[in-house]
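Okay, structure first, notes after.
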Amino acid sequence: MELSIVMPCLNEAMTLPACIRKARTFFRASGIDGEIIVADNGSTDGSQQLAEELGARVVDVPVKGYGAALSAGIYEAEGTYVIMGDSDDSYDFLALQPFVDKLREGFDLVMGNRFQGGISKGAMPFMHRYFGNPMLSALGRRIYGTKVCGDFYCGLRGFRKDVIESLSIQSTGMEFALEMIIKAELYALKITEVPTTLSPDGRDRKPHLKTYRDGWRSLRLYLLMSPRWTFGIPGLTLVTLGLTALAAAVLGFIPDGWISVANIFGSVATVLGYQAILLAIFAKFIAIESSLHPPTTKFWILQNRGTLERFVISGFVIAFACLLVGVSAHIWFHSQAAISVQLQEFLEIGLIVAGQTVLAGFYFGLIHLLRERRLFPRKRRGDRNH
């Protein structure tokens, strides 16, 4: 079978029949061997019976959520390709040929773009159309380097089933669609987009989407899946500002009345920044181990067996260097109180960073141990090689 059309459903009796009829008409007109799957999330309005009467295959999904419904529907799909689309009659299931053509060309993910195809009056709320969707899509492109997706939130998209299943998408809510794009980019899949239209849905009730709640959930997913932007870049910025403030105080560029402020800011910024940088690396490894990111990283050297020892040795070297500089400075500049105070700040920060480095080494060691056990699991007792 070439194509499965998957429609998530929750009480869509008013619009689901029209979607199924359009999908069936598309199959007849295109000559494609395909199926229609309705992934039902617990409808109580008879949507399941209507779908079965119209020849669709119904998959009951007990786990609540848009993503949970789609995951189950995709899992049950028998087609080489899958096209997913909401069952509220806002997407045109008669116009799926561009998606199929791109999939046949070899693309792994084909996104619809409603801003290119046309959005009918009243089909998308003003805030979503002109602010929320464009800004969050632009943010996603900036963070993850996605160049071809102009509409991250389009619910009509096609993909190769085997490739998307290999991404192990974990979100059960509306973030499912975003996680799909993010992981597709992280795993270097072939992505393209085609224009599609959006019409007002045929419901007689409010949509399941909540503007501010789901907007925050989108931003939250962006931050959690990008340790570099969430922790790494802010951490590097804080360290740079902190060390600059401390150096300026030592060199006399800070007025006397502001030296204590520079010391406090410089100390706090440097320590917090270094913690954020370490957290960025920790988060990256955790993302890899939990399959949120591909099993490769620019920090590959930290995943070697000797990481723990290198960090511990580095921490002690930093501590010894700070103590040596501090003692020498106290001997040489004991009569210059201002310089002694500034150097004391550097000494304290250096010792804190040294301690954090040692502790980070042990944390990396634990992560490496978990990684080894994942990659090379021990045989269970009783297993034997013959």
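The values are calculated or read from the model by the stated rules, or taken from the named source; none is laboratory data. Computed from a predicted model, the values in this text were never measured in an experiment. Positions of Cβ are generated from backbone atoms using ideal geometry, with glycine treated the same way; all protein chains shown enter the neighbour counts. Side chains included, ligands, DNA and RNA excluded: accessible areas come from the protein's heavy atoms. Shrake-Rupley method; radii C 1.70, N 1.55, O 1.52, S 1.80 Å.
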Relative contact order (percent) for the stretch 155-254, with alpha-carbon contacts under 8 angstrom and 6 or more residues of separation? 18
Heavy-atom accessible area of the chain with neighbours in place, 1.4 angstrom probe: carbon+sulfur share in percent works out to 63
Any idea what angle helix 133-144 forms with the longest principal axis of the chain, computed on alpha-carbon atoms, 0 to 90 degrees, nearest 10? 50
Residue-normalised accessible area of the chain, expressed per residue, 1.4 Å probe, Å²: 52
The chain -> Rg/Rh from Cα coords, Kirkwood Rh, value 1.13
Which residue, chosen from PRO227, THR80, PHE311, occupies the Cα position most advanced towards the positive end of the dipole of the chain, where the dipole is computed from +1 (Lys, Arg) and -1 (Asp, Glu) charges on Cβ about the Cα centre? PHE311
With every protein chain kept in place and a 1.4 Å probe, the residues TYR212, TYR363 fall, from largest accessible area down, as TYR212, TYR363
Once you place label points 7 Å from the Cα toward the Cβ at SER30 and VAL268, how far apart are they in nm? 5.8
Label-point gap, in nm, between SER328 and ARG217 - each point 7 angstrom along Cα→Cβ: 5.8
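Where both residues lie in the chain, what percent of DSSP beta bridges are antiparallel, nearest 5? Write down the numbers at each step before the final one.
Working: 7 of 28 bridges.
Restricted to the chain, the bridges split so that about 25 percent are antiparallel.
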Contour minus end-to-end for ALA248 and LEU224, with contour as 0.36 nm per residue of separation and end-to-end as the Cα-Cα distance? 5.1 nm
To the nearest 10 degrees, how steeply does helix 233-250 sit against the main Cα axis of the chain, on a 0 to 90 scale? 20
Grab the beta carbon distance between ARG310 and LYS121, set R0 = 51 Å, and tell me the FRET efficiency rounded to 0.05. 0.25
Mind telling me which of PHE320, PHE26, PHE364 comes out most flexible in a GNM of the chain, alpha-carbon contacts under 10 Å? PHE320
Please work out how much accessible surface VAL312 shows to a 1.4 Å probe, ignoring ligands, DNA and RNA, in Å² rounded to 10. 30
Counting only C-alpha contacts under 8 Å and six or more residues apart, can you give the relative contact order of the chain as a whole percent? 14
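Placing +1 at every Lys and Arg Cβ and -1 at every Asp and Glu Cβ, with all other atoms neutral, what dipole size does the chain have around its Cα centre, in debye to the nearest 20?
On the way: 39 positive and 35 negative charges, 154 e Å.
Computed charge dipole of the chain: roughly 740 debye.
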Can you tell me which of ARG213, ARG21, ARG228 moves the most in a GNM of the chain? Springs connect C-alpha atoms under 10 Å apart. ARG213
Near-label residues of the stretch 254-280 by backbone N, under 19 Å of a point 7 Å along Cα→Cβ of TYR363: 268-280
Cα long-axis angle, helix 175-186 against the chain (0 to 90 degrees, to the nearest 10): 60
With the dipole of the chain defined by +1 on each Lys or Arg Cβ and -1 on each Asp or Glu Cβ, the option from ILE20, VAL63, PRO200 whose Cα lies farthest towards the positive pole is VAL63
Counting only the heavy atoms of the protein chains, how much of GLU105 is accessible to a 1.4 Å probe, in Å² to the nearest 10? 110
If ligands, DNA and RNA are left out, what is the accessible area of ASP108 with a 1.4 Å probe, given in Å² to the nearest 10? 20
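For THR240, THR44, THR146, THR230, give me the order by solvent-accessible area with a 1.4 Å probe, most accessible first, ignoring ligands, DNA and RNA. All intermediate terms of the calculation are to be shown ahead of the outcome.
On the way: THR240 75, THR44 125, THR146 5, THR230 40 Å².
Accessible-area ranking of THR240, THR44, THR146, THR230, largest first: THR44, THR240, THR230, THR146.
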Note to self: C-alpha centroids of the stretch 24-77 and the stretch 154-184 sit apart, in Å, by 17
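Pop the C-beta distance of LYS190 and LYS64 into the FRET formula with R0 = 25 Å and round what comes out to the nearest 0.05.
That gives a FRET efficiency of 0.15.
Pairs to check: LYS102/LYS147; LYS161/LYS284; LYS64/LYS147. Give those whose C-alpha atoms are more than 25 Å from each other in this structure.
Details: LYS102/LYS147 17 Å; LYS161/LYS284 27 Å; LYS64/LYS147 32 Å.
Listed pairs above 25 Å: LYS161/LYS284; LYS64/LYS147.
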Which aspartates and glutamates have a Cα less than 12 Å from the Cα of LYS190, not counting those fewer than 8 places away in the same chain? GLU105, ASP108
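Show TRP229, TRP258 ordered by accessible area, largest first, where the area counts protein heavy atoms only and the probe is 1.4 Å. It would help to have the intermediate numbers written out before the result.
Values: TRP229 85, TRP258 155 Å².
From most accessible down to least: TRP258, TRP229.
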